[in-house]
Amino acid sequence: MDFELKLSVIKVNKSKLCELTIAELSRKLFDGEIRATDVVGSCLDRIEKTQETTNAFVAYDPELALETAQKQDLHFAEGVVSGPLHGIPIAVKDNYLTADYPTTACSKIYPDNPVGLDSTMVAKLRSAGAIVIGKTNMHEWAYGATNEESSYGTTRNPWNSEHITGGSSGGSGAALAARMVPAALGSDTGGSIRIPSSACGVSGLKPTAGRVSRTGILPLSWTLDIGGPMARSAQDLRILFNVVSGFDPKCPTTYGICSDNQSTNKGHRFRIALFRSSEILCDDTVMESVEQALDVLRDDGAVVDEVSFSGLETGFGAWKILLHCEAAAYHAKFLEESADLYSDNVRVQVEAGRCLSASTYLKAQQYRAVFNQRFSQLTDRYDLIAMPTLPVTAPRIGQSELEVNNSPITSQDAMTSIAWIANFTGLPATSVPCGFDERRLPIGLMFVGPAFGEETILSVAERYQALTQWHKFAPSWN
């Protein structure tokens, strides 16, 4: 009787279940207050209402999702629980292999049919009980940071549909912001998890290189790529990361269990470096929000110092060289056989890598080693490095050129001009919401930690979100 009573009460607000976090949903599911079918139904209803506006999903199957949820409910009734994500719907970026959905990288080149295989990260999520509800839109081949180039059309920001979501995991960012799902997967080569997290007002984690498996993720740049979780809170990022991280025998670049090399057992006296450089353009409103966020942590006991760093322009150029060369190598066969199927902008970038010499590539790798050695001096002195995720809020769709502090910059470069650092160094980084501009577009705060320092950056992000409310805001039309 009590169980049925709880269900009848929750059904009054059944449509609101999609707005809850993973942690909140898990508690209700495990307490028997709600069923997995309730949660999936709520998410599907929200997708139907918001998909036309956002274009966040490229494929979803309501019947399959509900059928999977019904099986999860039966398992619950039998006392069988798969793991911490039992009954939780999740969206997957369209460059992850999924057994039951096509994987196209939002390109006309790749076949539009399921291959019958899951990527390692997707398989881990399913083993933990997650329900894959569909595939999300992305910048074609993950080769761009705006999510405007896609064979399925542009993804639109839930906060303002005239603005971009950022990319290349823009569909995942939009799906989270619009409360279509409580969790999603993205991939990150130069900020592609953190960029849409910032632009859409959600939270995202780029793990240390090697902490998660890349098996079954269509590549862009094999020395820069990494997959990772996206959610609406740092607490949820931790839940997801604990599921997807770890060694994979199919992926030789993965590590086993790695302990955090920085102790977090120090109350709230984290040592934080506010990253400054004259080589980074940043809108004043964005920087003010970041500074105010660090004031919150400083008042909570953190030690915050300003630090300067040089060589970023050269590093940014070296990152681009690595990206273009490695992408060109992967796409060589596609260019020979199907060059006309690329969108114009992505094809230009793919072909750019063919114009770079092996000598240029090796010099970029040499500079990378020098840069990383210098940057490690900061991570040795501080628990984490803080900086804006993006120097601006989301530009308008079709706005290819911006002006930041009276200096011109392309939208593509603006989106990646800070976030690339974590890929170049291979260090973990997270983006969390820290405010809005005058147009009510979200602003993101990025924490970069030491290698294998996910525990530290998530602890600080969770503490910041315990002290603020920015991550709880949703688009007004929601």
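Which of (1) within 16 Å of residue 241 (Cβ to Cβ); (2) part of a strand (DSSP E or B) does residue 457 not meet, given it meets every other one?
Here residue 457 meets the rest and fails (2).
Can you name the residue in segment 265-318 that is among the polar types (S, T, N, Q) and farther than 30 Å from residue 369 by Cβ and is also farthest from the chain's Cα centre (by Cα) among such residues?
In this case the residue turns out to be 265.
Yes or no: residue 335 in contact with a helix residue (DSSP H, G or I) (Cβ under 9 Å, 6 or more places away or on another chain) and under 30 Å from residue 150 (Cβ atoms)?
Against the criterion (in contact with a helix residue (DSSP H, G or I) (Cβ under 9 Å, 6 or more places away or on another chain) and under 30 Å from residue 150 (Cβ atoms)), residue 335 qualifies.
What are the pairs, 6+ residues apart or on separate chains, where a residue within segment 159-177 that is part of a loop (DSSP other than H, G, I, E, B) has its Cβ under 8 Å from a residue that is among the acidic types (Asp, Glu)?
164/148; 167/148; 169/188
So in segment 452-478, with the set limited to residues that are hydrophobic (A, V, I, L, M, F, W, C) and touching a Ser or Thr at 6+ places or on another chain (Cβ under 7 Å), which one is farthest from residue 203 (Cα to Cα)?
For segment 452-478, the residue satisfying everything is 452.
Yes or no: residue 123 closer than 22 Å to residue 245 by Cβ, assigned to a strand (DSSP E or B) and modelled with pLDDT of 95 or more?
no
If I go through segment 278-305 residue by residue, how many of them are at pLDDT below 95 and not hydroxyl-bearing (Ser, Thr, Tyr)?
Going through segment 278-305 one residue at a time, the tally reaches 3.
List pairs: first in segment 183-196 and on the phi > 0 side of the Ramachandran plot and of a type outside the set (A, V, I, L, M), second part of a strand (DSSP E or B) and buried (at least 24 other Cβ atoms within 10 Å of the Cβ), Cβ under 8 Å, 6+ apart or cross-chain?
The qualifying pairs are 191/206.
Looking at residue 153 and the list (1) in a loop (DSSP other than H, G, I, E, B); (2) on the phi < 0 side of the Ramachandran plot, which single condition is not satisfied?
Going through (1) in a loop (DSSP other than H, G, I, E, B); (2) on the phi < 0 side of the Ramachandran plot one by one, residue 153 breaks only (2).
Restricting the search to segment 178-188, which residues are out of contact with any Pro (no Cβ under 8 Å at 6 or more places or on another chain) and outside any loop (DSSP other than H, G, I, E, B)?
Those that are out of contact with any Pro (no Cβ under 8 Å at 6 or more places or on another chain) and outside any loop (DSSP other than H, G, I, E, B): 187, 188.
Out of all the residues in segment 394-413, is one or more loosely packed, with under 12 Cβ neighbours inside 10 Å and under 23 Å from residue 222 (Cα atoms)?
No, there is no match, as no residue in segment 394-413 is loosely packed, with under 12 Cβ neighbours inside 10 Å and under 23 Å from residue 222 (Cα atoms).
Considering only segment 48-65, I want to know if a residue exists there that is over 21 Å from residue 137 (Cβ atoms) and not aliphatic (A, V, I, L, M).
Yes: segment 48-65 contains one or more residues that are over 21 Å from residue 137 (Cβ atoms) and not aliphatic (A, V, I, L, M).
Does any residue of segment 171-182 turn out to be over 26 Å from residue 335 (Cα atoms), surrounded by 24 or more Cβ atoms within 10 Å (Cβ to Cβ), in contact with a strand residue (DSSP E or B) (Cβ under 6 Å, 6 or more places away or on another chain) and among the polar types (S, T, N, Q)?
Taking every residue of segment 171-182 in turn, at least one turns out to be over 26 Å from residue 335 (Cα atoms), surrounded by 24 or more Cβ atoms within 10 Å (Cβ to Cβ), in contact with a strand residue (DSSP E or B) (Cβ under 6 Å, 6 or more places away or on another chain) and among the polar types (S, T, N, Q).
For segment 127-134, state whether one or more residues are in a helix (DSSP H, G or I), farther than 30 Å from residue 439 by Cβ and at pLDDT 95 or above.
yes
Only one residue in 190, 227 is under 10 Å from the mean Cα position of the chain (by Cα) and of a type outside the set (Asp, Glu), so which one is that?
Result: 227 is the single residue among 190, 227 that is under 10 Å from the mean Cα position of the chain (by Cα) and of a type outside the set (Asp, Glu).
It is to be established whether one or more residues within segment 103-111 are small (Gly, Ala, Ser) and within 28 Å of residue 389 (Cβ to Cβ).
Yes, that holds for at least one residue.
Consider residue 306 against the criteria (1) farther than 21 Å from residue 415 by Cβ; (2) out of contact with any Lys or Arg (no Cβ under 6 Å at 6 or more places or on another chain): it satisfies all of them except one. Which criterion is unmet?
(2)
Could you check segment 14-77 for helices (runs of 4 or more DSSP H) lying wholly inside it with 1 or more residues that are within 26 Å of the chain's Cα centre (by Cα) and within 22 Å of residue 471 (Cβ to Cβ)?
22-30, 36-54
Identify, from the list 221, 263, the residue that is farther than 25 Å from residue 287 by Cα, at pLDDT 95 or above and in contact with a Ser or Thr (Cβ under 9 Å, 6 or more places away or on another chain).
Result: 221 is the single residue among 221, 263 that is farther than 25 Å from residue 287 by Cα, at pLDDT 95 or above and in contact with a Ser or Thr (Cβ under 9 Å, 6 or more places away or on another chain).
Would it be correct to say that residue 117 is surrounded by fewer than 24 Cβ atoms within 10 Å (Cβ to Cβ) and either outside any loop (DSSP other than H, G, I, E, B) or among the aliphatic types (A, V, I, L, M) (or both)?
Yes: the conditions hold for residue 117.
For residues that are of a type in the set (Asp, Glu) and surrounded by 13 or more Cβ atoms within 10 Å (Cβ to Cβ), scanning just segment 1-34, find the one that is modelled with the lowest pLDDT.
That would be 33.
Output the residues belonging to segment 303-344 that are in contact with a Ser or Thr (Cβ under 8 Å, 6 or more places away or on another chain) and surrounded by fewer than 13 Cβ atoms within 10 Å (Cβ to Cβ).
Of everything in segment 303-344, those that are in contact with a Ser or Thr (Cβ under 8 Å, 6 or more places away or on another chain) and surrounded by fewer than 13 Cβ atoms within 10 Å (Cβ to Cβ) turn out to be 308, 310.
The values are calculated or read from the model by the stated rules, or taken from the named source; none is laboratory data. This structure is a prediction, so every number in the text was calculated from the model and none was measured. Please note: Cβ atoms are built from the backbone with ideal geometry, for glycine as well, and neighbour counts cover all protein chains shown.
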